[in-house]
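Enquirer: I have a structure here, written as C-alpha cells, and I will follow up with some questions on it.
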Amino acid sequence: DGIVSVDATPVGGPDDNAYGIVARHVDDRNFYRFEISADGYYAIQAPTGSLGWEFLVDWTESPAIHKGRETNRLRVELSGPAMTFWVNDIELARVSDERYAEGDVGVIAGTFYDEPGTHVLFDNFSVEPLVQE
C-alpha cells in the first residue's frame, strides 16, 4: 500500500498517445496501469493474458488533464484492493480490484498503431507510505 506519483511531460510524437504509472507489477502479465493521453483522456487497465487488456475504466475524457506538451501530475493511492487515481490534484476514479495485492511500481509510455514516436519526460517520481487517518 502507498502513494505513487510522477510529473509527466510529453515532448514528442502524437497527442494520441498513452503515458502514466504502472502499479503492483508482479510480472509482464500481472499489473495495473493508469495512463493518460496528450489529447485529454485517461484509462485504467489490467492485462488479461494473450496480449489483451481489461479496462477497469475505459478511455474517458477529462478536463483535468493538461493537453499537448503540458506537464501533468499523476498520482495513484493504493490501499488493499482500493485504488484512487488522480491527475493534477483532481480525483478521476476509484476502483476496487483484488487481483494484485503487491508488486513493483514504475512509469509507462507508448503509442498506438498509426503513429509511432511518443516521447515523455518523467520527473519527481515518488513512492510514499499511505498514512491512514
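Enquirer: Just reorder SER126, SER5 by solvent-accessible area, largest first, 1.4 Å probe, all chains present.
Expert: Largest accessible area first, the list is SER126, SER5.
Enquirer: May I ask you to derive the FRET efficiency for ARG73 and THR48 from their Cβ-Cβ distance with R0 = 25 Å, giving the value to the nearest 0.05?
Expert: 0.30
Enquirer: Shifting gears a bit: With all protein chains present, how much of the accessible area of the chain (probe radius 1.4 Å) comes from carbon and sulfur, to the nearest whole percent?
Expert: 49
Enquirer: How high is the relative contact order of segment 68-119? Use alpha-carbon pairs under 8 Å, at least six apart in sequence, and give a whole percent.
Expert: It rounds to 22 percent for segment 68-119.
Enquirer: Counting only C-alpha contacts under 8 Å and six or more residues apart, can you give the relative contact order of the chain as a whole percent?
Expert: After rounding, I find 37 percent.
Enquirer: With labels modelled as points extended 7 Å from the Cα through the Cβ direction, what inter-label distance (nm, one decimal) is found for VAL131 paired with GLU91?
Expert: Inter-label distance under the simple model: 1.8 nm.
Enquirer: When the C-alpha atoms of the chain are aligned to their principal axes, what extent does each axis show, in angstrom, from largest down?
Expert: Its Cα atoms span 39, 36, 22 Å along the three principal axes.
Enquirer: Here is a further query. Can you tell me the accessible area per residue over the chain, all protein chains present, probe 1.4 angstrom, in square angstrom?
Expert: Heavy-atom accessible area per residue stands at 53 Å².
The values are calculated or read from the model by the stated rules, or taken from the named source; none is laboratory data. This structure is a prediction, so every number in the text was calculated from the model and none was measured. Ideal geometry is used to build each Cβ from the backbone, glycine not excepted, and the neighbour counts take in all protein chains shown. Surface areas here come from the heavy atoms of the whole protein model, side chains and all, with no ligands, DNA or RNA. Shrake-Rupley method; radii C 1.70, N 1.55, O 1.52, S 1.80 Å.
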